[in-house]
Amino acid sequence: MEQRHLGRTGLRVSRIGLGTLTWGRDTDEHDAADQLKAFWEAGGTLVDTADVYGGGDAEYLLGQLVERLVPRRDLVIATKAGSVPDPDRRFDGSRGHLLAALDDSLQRLGTDYVDLWQIHAFDPQTPLDETLQTLDIAVSSGRARYAGVSNFCGWQLAKAATWQLSAPGMRTRLASTQMEYSLLQRGVEREVLPAALDLGVGLLPSSPLGRGVLTGKYRHATPADSRGASEQLAPFVEPYLDEAADSIVDAVVTAADGLAVTALQVALAWVRDRPGVVAPIIGARNAQQLTAALSVETLTLPDEICQALDDVSAPVHRYPDQDWSTL
(Lines give C-alpha, C1' and ligand atoms only; values in the text may rest on other atoms or scores of the structure.)
Protein backbone atom coordinates (compact mmCIF):
# COMPACT_ATOMS: atom_id res chain seq x y z
CA MET A 1 0.00 0.00 0.00
CA GLU A 2 1.22 3.49 -0.84
CA GLN A 3 2.58 5.49 2.10
CA ARG A 4 1.96 9.23 2.54
CA HIS A 5 3.48 11.86 4.79
CA LEU A 6 1.13 12.99 7.54
CA GLY A 7 0.89 16.72 7.04
CA ARG A 8 4.18 18.58 6.91
CA THR A 9 5.98 16.04 9.10
CA GLY A 10 8.33 13.13 8.62
CA LEU A 11 5.73 10.57 9.72
CA ARG A 12 4.57 8.30 6.90
CA VAL A 13 1.34 6.32 7.10
CA SER A 14 -0.58 3.98 4.81
CA ARG A 15 -3.09 5.85 2.66
CA ILE A 16 -5.91 3.81 4.19
CA GLY A 17 -6.24 3.56 7.96
CA LEU A 18 -7.93 0.87 10.05
CA GLY A 19 -10.59 2.12 12.45
CA THR A 20 -11.47 0.40 15.72
CA LEU A 21 -14.65 2.23 16.79
CA THR A 22 -16.59 -1.02 17.28
CA TRP A 23 -13.75 -3.13 18.72
CA GLY A 24 -14.52 -4.58 22.11
CA ARG A 25 -18.22 -3.86 21.64
CA ASP A 26 -19.54 -5.21 18.31
CA THR A 27 -16.22 -6.62 17.07
CA ASP A 28 -14.83 -9.47 19.17
CA GLU A 29 -11.20 -10.53 19.56
CA HIS A 30 -11.39 -13.09 16.74
CA ASP A 31 -12.73 -10.66 14.15
CA ALA A 32 -10.38 -7.92 15.34
CA ALA A 33 -7.41 -10.24 14.97
CA ASP A 34 -8.44 -11.22 11.44
CA GLN A 35 -8.86 -7.55 10.49
CA LEU A 36 -5.50 -6.48 11.90
CA LYS A 37 -3.69 -9.34 10.19
CA ALA A 38 -5.39 -8.68 6.83
CA PHE A 39 -4.64 -4.97 7.13
CA TRP A 40 -0.96 -5.54 7.93
CA GLU A 41 -0.54 -8.12 5.17
CA ALA A 42 -1.98 -5.59 2.69
CA GLY A 43 0.69 -3.08 3.70
CA GLY A 44 -1.50 -1.05 6.06
CA THR A 45 0.19 0.71 8.96
CA LEU A 46 -2.16 3.35 10.43
CA VAL A 47 -4.49 1.99 13.12
CA ASP A 48 -6.87 4.53 14.66
CA THR A 49 -8.49 4.18 18.08
CA ALA A 50 -9.57 6.30 21.06
CA ASP A 51 -9.76 5.99 24.81
CA VAL A 52 -13.58 6.00 24.72
CA TYR A 53 -14.05 3.37 21.99
CA GLY A 54 -15.76 0.47 23.69
CA GLY A 55 -15.18 2.19 27.02
CA GLY A 56 -11.45 1.53 26.63
CA ASP A 57 -11.89 -2.04 25.38
CA ALA A 58 -10.83 -1.12 21.82
CA GLU A 59 -7.41 0.05 23.03
CA TYR A 60 -7.07 -2.96 25.30
CA LEU A 61 -7.95 -5.36 22.49
CA LEU A 62 -5.50 -3.69 20.12
CA GLY A 63 -2.81 -3.92 22.76
CA GLN A 64 -3.45 -7.65 23.19
CA LEU A 65 -3.07 -8.25 19.45
CA VAL A 66 0.04 -6.17 18.80
CA GLU A 67 3.24 -8.23 18.93
CA ARG A 68 1.24 -11.44 19.10
CA LEU A 69 0.09 -10.90 15.51
CA VAL A 70 1.90 -7.84 14.19
CA PRO A 71 5.23 -6.30 15.22
CA ARG A 72 4.74 -3.01 17.07
CA ARG A 73 7.33 -1.33 14.85
CA ASP A 74 5.20 -2.06 11.76
CA LEU A 75 2.21 -0.07 13.03
CA VAL A 76 1.43 3.60 13.40
CA ILE A 77 -0.91 3.61 16.39
CA ALA A 78 -3.09 6.69 16.72
CA THR A 79 -5.36 7.30 19.67
CA LYS A 80 -7.44 10.17 21.01
CA ALA A 81 -8.35 11.69 24.36
CA GLY A 82 -10.74 14.38 25.55
CA SER A 83 -14.20 12.84 25.22
CA VAL A 84 -15.82 12.18 28.59
CA PRO A 85 -19.06 10.36 29.56
CA ASP A 86 -20.53 13.44 31.22
CA PRO A 87 -23.86 14.80 29.90
CA ASP A 88 -22.97 18.26 31.21
CA ARG A 89 -19.47 18.33 29.73
CA ARG A 90 -18.86 16.15 26.69
CA PHE A 91 -15.21 17.16 26.25
CA ASP A 92 -12.42 17.81 28.72
CA GLY A 93 -9.29 19.37 27.28
CA SER A 94 -7.68 20.19 30.62
CA ARG A 95 -4.06 19.26 31.19
CA GLY A 96 -4.88 17.01 34.12
CA HIS A 97 -7.53 14.99 32.33
CA LEU A 98 -5.59 14.62 29.08
CA LEU A 99 -2.31 13.48 30.61
CA ALA A 100 -4.09 10.98 32.85
CA ALA A 101 -6.04 9.72 29.84
CA LEU A 102 -2.83 9.31 27.84
CA ASP A 103 -1.20 7.28 30.60
CA ASP A 104 -4.29 5.07 30.81
CA SER A 105 -4.25 4.60 27.02
CA LEU A 106 -0.60 3.55 27.07
CA GLN A 107 -1.34 1.01 29.78
CA ARG A 108 -4.27 -0.47 27.85
CA LEU A 109 -2.30 -0.53 24.61
CA GLY A 110 0.68 -2.15 26.31
CA THR A 111 3.15 0.27 24.76
CA ASP A 112 5.49 3.03 25.93
CA TYR A 113 4.35 5.47 23.27
CA VAL A 114 1.72 6.16 20.63
CA ASP A 115 2.77 7.34 17.21
CA LEU A 116 -0.02 9.91 16.99
CA TRP A 117 -1.99 11.40 19.89
CA GLN A 118 -5.02 13.53 19.04
CA ILE A 119 -7.32 15.81 21.01
CA HIS A 120 -10.74 14.29 20.36
CA ALA A 121 -12.64 17.59 20.20
CA PHE A 122 -12.42 21.27 21.07
CA ASP A 123 -13.19 22.09 24.71
CA PRO A 124 -14.58 25.63 25.04
CA GLN A 125 -14.24 25.47 28.85
CA THR A 126 -10.45 25.04 28.81
CA PRO A 127 -8.02 27.67 27.48
CA LEU A 128 -6.73 26.43 24.15
CA ASP A 129 -3.10 27.10 25.09
CA GLU A 130 -3.50 24.73 28.07
CA THR A 131 -4.80 21.98 25.81
CA LEU A 132 -2.04 22.53 23.28
CA GLN A 133 0.66 22.65 25.95
CA THR A 134 -0.46 19.16 26.91
CA LEU A 135 0.42 17.98 23.40
CA ASP A 136 3.88 19.48 23.85
CA ILE A 137 4.32 17.66 27.16
CA ALA A 138 3.22 14.36 25.62
CA VAL A 139 5.71 14.67 22.77
CA SER A 140 8.62 16.01 24.83
CA SER A 141 8.16 13.21 27.38
CA GLY A 142 8.25 10.57 24.66
CA ARG A 143 4.75 9.31 25.31
CA ALA A 144 3.63 10.48 21.86
CA ARG A 145 5.71 10.86 18.71
CA TYR A 146 3.34 13.23 16.87
CA ALA A 147 0.23 15.18 17.80
CA GLY A 148 -3.01 16.24 16.17
CA VAL A 149 -6.61 17.24 16.74
CA SER A 150 -10.03 15.94 15.81
CA ASN A 151 -13.41 17.58 15.20
CA PHE A 152 -12.01 21.13 15.28
CA CYS A 153 -13.89 23.56 13.04
CA GLY A 154 -12.02 25.90 10.70
CA TRP A 155 -11.19 28.74 13.06
CA GLN A 156 -10.32 26.34 15.88
CA LEU A 157 -7.91 24.38 13.69
CA ALA A 158 -6.35 27.55 12.25
CA LYS A 159 -5.87 29.05 15.71
CA ALA A 160 -4.40 25.84 17.16
CA ALA A 161 -2.06 25.13 14.26
CA THR A 162 -0.85 28.73 14.10
CA TRP A 163 -0.22 28.80 17.86
CA GLN A 164 1.92 25.69 17.59
CA LEU A 165 3.87 27.09 14.64
CA SER A 166 4.55 30.40 16.40
CA ALA A 167 7.33 28.92 18.54
CA PRO A 168 9.37 26.54 16.34
CA GLY A 169 11.41 24.06 18.32
CA MET A 170 9.41 24.72 21.47
CA ARG A 171 5.95 23.59 20.42
CA THR A 172 5.08 20.50 18.43
CA ARG A 173 3.36 21.27 15.15
CA LEU A 174 0.00 19.68 14.48
CA ALA A 175 0.44 16.71 12.17
CA SER A 176 -3.21 15.87 11.62
CA THR A 177 -6.86 16.70 11.95
CA GLN A 178 -9.43 13.91 11.91
CA MET A 179 -12.83 14.89 10.52
CA GLU A 180 -15.82 13.24 8.88
CA TYR A 181 -15.49 13.59 5.10
CA SER A 182 -17.24 11.78 2.27
CA LEU A 183 -19.40 12.39 -0.77
CA LEU A 184 -22.30 12.72 1.69
CA GLN A 185 -20.49 15.07 4.06
CA ARG A 186 -18.31 17.70 2.41
CA GLY A 187 -18.59 20.37 5.09
CA VAL A 188 -14.84 20.32 5.78
CA GLU A 189 -14.24 21.83 2.35
CA ARG A 190 -15.67 25.15 3.56
CA GLU A 191 -12.95 26.15 6.04
CA VAL A 192 -11.27 23.14 7.67
CA LEU A 193 -9.60 21.78 4.56
CA PRO A 194 -8.30 25.15 3.31
CA ALA A 195 -6.84 25.80 6.77
CA ALA A 196 -5.26 22.34 6.88
CA LEU A 197 -3.71 22.75 3.43
CA ASP A 198 -2.34 26.19 4.25
CA LEU A 199 -0.88 25.18 7.61
CA GLY A 200 0.49 21.77 6.60
CA VAL A 201 -1.94 19.65 8.62
CA GLY A 202 -2.91 16.29 7.13
CA LEU A 203 -6.58 15.35 6.96
CA LEU A 204 -7.64 11.91 8.20
CA PRO A 205 -11.26 11.43 7.03
CA SER A 206 -13.53 9.40 9.27
CA SER A 207 -16.70 7.77 7.91
CA PRO A 208 -15.39 8.05 4.32
CA LEU A 209 -18.20 5.78 3.13
CA GLY A 210 -20.93 8.05 4.47
CA ARG A 211 -21.47 5.83 7.52
CA GLY A 212 -21.84 2.87 5.15
CA VAL A 213 -24.57 4.44 3.02
CA LEU A 214 -22.28 5.01 0.01
CA THR A 215 -21.77 1.26 -0.40
CA GLY A 216 -25.34 1.13 -1.71
CA LYS A 217 -26.43 -1.40 0.89
CA TYR A 218 -29.37 0.76 2.02
CA ARG A 219 -30.81 1.54 -1.43
CA HIS A 220 -33.76 -0.82 -1.15
CA ALA A 221 -33.87 -1.94 2.48
CA THR A 222 -31.86 -1.99 5.71
CA PRO A 223 -29.82 -5.21 5.96
CA ALA A 224 -30.37 -7.02 9.24
CA ASP A 225 -26.63 -7.26 9.93
CA SER A 226 -25.87 -3.60 9.12
CA ARG A 227 -25.16 -0.66 11.40
CA GLY A 228 -28.43 0.85 10.26
CA ALA A 229 -30.23 -2.09 11.92
CA SER A 230 -28.19 -1.82 15.11
CA GLU A 231 -29.93 -0.28 18.10
CA GLN A 232 -26.78 1.64 19.02
CA LEU A 233 -25.71 2.78 15.56
CA ALA A 234 -29.02 3.25 13.70
CA PRO A 235 -29.25 6.92 14.81
CA PHE A 236 -25.71 7.38 13.42
CA VAL A 237 -26.75 6.13 9.96
CA GLU A 238 -30.25 7.60 9.74
CA PRO A 239 -29.28 11.21 8.81
CA TYR A 240 -27.84 9.95 5.52
CA LEU A 241 -30.90 7.98 4.48
CA ASP A 242 -32.67 10.92 2.84
CA GLU A 243 -33.59 11.93 -0.71
CA ALA A 244 -30.47 14.06 -1.21
CA ALA A 245 -28.25 11.14 -0.26
CA ASP A 246 -30.19 8.81 -2.56
CA SER A 247 -29.21 10.80 -5.66
CA ILE A 248 -25.55 10.78 -4.66
CA VAL A 249 -25.60 7.04 -3.95
CA ASP A 250 -27.26 6.45 -7.34
CA ALA A 251 -24.43 8.37 -9.03
CA VAL A 252 -21.81 6.34 -7.18
CA VAL A 253 -23.49 3.07 -8.19
CA THR A 254 -23.72 4.23 -11.81
CA ALA A 255 -20.02 5.09 -11.83
CA ALA A 256 -19.16 1.75 -10.25
CA ASP A 257 -21.17 -0.14 -12.88
CA GLY A 258 -19.41 1.76 -15.64
CA LEU A 259 -15.97 0.99 -14.22
CA ALA A 260 -16.82 -2.63 -13.31
CA VAL A 261 -15.94 -2.03 -9.65
CA THR A 262 -18.00 -1.66 -6.48
CA ALA A 263 -19.71 1.43 -5.11
CA LEU A 264 -17.53 1.08 -2.02
CA GLN A 265 -14.38 1.35 -4.14
CA VAL A 266 -15.65 4.41 -6.02
CA ALA A 267 -16.66 6.28 -2.86
CA LEU A 268 -13.43 5.44 -1.07
CA ALA A 269 -11.18 6.27 -4.02
CA TRP A 270 -12.90 9.64 -4.40
CA VAL A 271 -12.18 10.77 -0.84
CA ARG A 272 -8.73 9.15 -0.65
CA ASP A 273 -7.47 11.22 -3.57
CA ARG A 274 -8.95 14.59 -2.57
CA PRO A 275 -6.40 17.39 -2.02
CA GLY A 276 -5.15 17.45 1.55
CA VAL A 277 -6.36 13.96 2.40
CA VAL A 278 -3.75 11.61 3.82
CA ALA A 279 -5.64 8.47 4.85
CA PRO A 280 -9.37 7.74 5.16
CA ILE A 281 -10.15 5.64 8.24
CA ILE A 282 -12.13 2.49 7.47
CA GLY A 283 -14.13 0.63 10.10
CA ALA A 284 -15.16 -2.86 9.00
CA ARG A 285 -17.40 -5.53 10.47
CA ASN A 286 -15.05 -8.37 9.56
CA ALA A 287 -11.88 -9.16 7.61
CA GLN A 288 -13.80 -9.95 4.41
CA GLN A 289 -15.42 -6.52 4.44
CA LEU A 290 -12.08 -4.87 5.19
CA THR A 291 -10.33 -6.73 2.36
CA ALA A 292 -13.00 -5.50 -0.04
CA ALA A 293 -12.23 -1.93 1.03
CA LEU A 294 -8.46 -2.40 0.77
CA SER A 295 -8.84 -3.53 -2.84
CA VAL A 296 -9.29 0.17 -3.69
CA GLU A 297 -5.48 0.42 -3.72
CA THR A 298 -5.40 -0.44 -7.43
CA LEU A 299 -8.17 2.00 -8.41
CA THR A 300 -7.75 5.60 -9.56
CA LEU A 301 -10.93 7.27 -10.73
CA PRO A 302 -10.93 8.90 -14.19
CA ASP A 303 -11.16 12.68 -14.11
CA GLU A 304 -14.57 12.59 -15.76
CA ILE A 305 -15.96 10.37 -13.01
CA CYS A 306 -14.49 12.57 -10.28
CA GLN A 307 -16.02 15.65 -11.87
CA ALA A 308 -19.42 14.02 -12.14
CA LEU A 309 -19.33 12.95 -8.50
CA ASP A 310 -18.15 16.42 -7.49
CA ASP A 311 -21.08 17.97 -9.31
CA VAL A 312 -23.80 15.71 -7.93
CA SER A 313 -22.57 16.04 -4.33
CA ALA A 314 -21.48 19.68 -4.40
CA PRO A 315 -22.35 21.52 -1.17
CA VAL A 316 -23.74 25.04 -1.35
CA HIS A 317 -20.89 27.36 -0.38
CA ARG A 318 -21.57 30.97 -1.29
CA TYR A 319 -20.65 34.06 0.67
CA PRO A 320 -17.96 34.47 1.89
CA ASP A 321 -16.34 31.45 0.26
CA GLN A 322 -16.82 32.68 -3.28
CA ASP A 323 -15.68 36.01 -4.68
CA TRP A 324 -18.37 38.38 -3.38
CA SER A 325 -18.36 40.34 -6.62
CA THR A 326 -19.74 37.34 -8.52
CA LEU A 327 -22.71 36.83 -6.21
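Structure data summary
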quantity: Filter result for T162 (surrounded by fewer than 21 Cβ atoms within 10 Å (Cβ to Cβ), closer than 18 Å to V52 by Cα and β-branched (V, I, T)); calculated: no
quantity: Matching residues, the range 110-135, being out of contact with any Ser or Thr (no Cβ under 7 Å at 6 or more places or on another chain), assigned to a helix (DSSP H, G or I) and either under 18 Å from D57 (Cβ atoms) or not charged (D, E, K, R) (or both); calculated: L128, T131, L132, Q133, T134
quantity: Residues (part of a strand (DSSP E or B) and in contact with a helix residue (DSSP H, G or I) (Cβ under 6 Å, 6 or more places away or on another chain)) located in the range 150-186; calculated: R171, L174, T177, M179, S182
quantity: Residue ID - most open to solvent (accessible area, probe 1.4 Å), chosen from residues in the range 71-98 that are over 22 Å from the mean Cα position of the chain (by Cα) and modelled with pLDDT of 95 or more; calculated: R95
quantity: Only listed residue being farther than 30 Å from A38 by Cβ and in contact with an Asp or Glu (Cβ under 6 Å, 6 or more places away or on another chain), chosen from G93, G142; calculated: G93
quantity: From Q35, Q64, residue being surrounded by fewer than 20 Cβ atoms within 10 Å (Cβ to Cβ), polar (S, T, N, Q) and at pLDDT 95 or above; calculated: Q64
quantity: Selection within the range 38-52 - open to solvent by less than 30 Å² (accessible area, probe 1.4 Å) and either over 13 Å from L18 (Cα atoms) or touching a helix residue (DSSP H, G or I) at 6+ places or on another chain (Cβ under 6 Å) (or both); calculated: A38, T49, D51
quantity: Entirely in the range 190-288, the helices (runs of 4 or more DSSP H) that have 3 or more residues that are buried (at least 19 other Cβ atoms within 10 Å of the Cβ), more than 15 Å from the chain's Cα centre (by Cα) and at pLDDT 95 or above; calculated: 243-259, 263-272
quantity: Any hit, the range 55-73, residues being free of Cβ contacts under 8 Å to residues at least 60 places away in the same chain, within 22 Å of S176 (Cβ to Cβ) and part of a loop (DSSP other than H, G, I, E, B); calculated: no
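The values are calculated or read from the model by the stated rules, or taken from the named source; none is laboratory data. Please read these numbers as outputs of a predicted model, since none were measured by experiment. Neighbour counts run over all protein chains shown; Cβ positions are idealised from the backbone, glycine included. Ligands, DNA and RNA are excluded from the accessible area calculation, which covers all protein heavy atoms including side chains. Shrake-Rupley method; radii C 1.70, N 1.55, O 1.52, S 1.80 Å.
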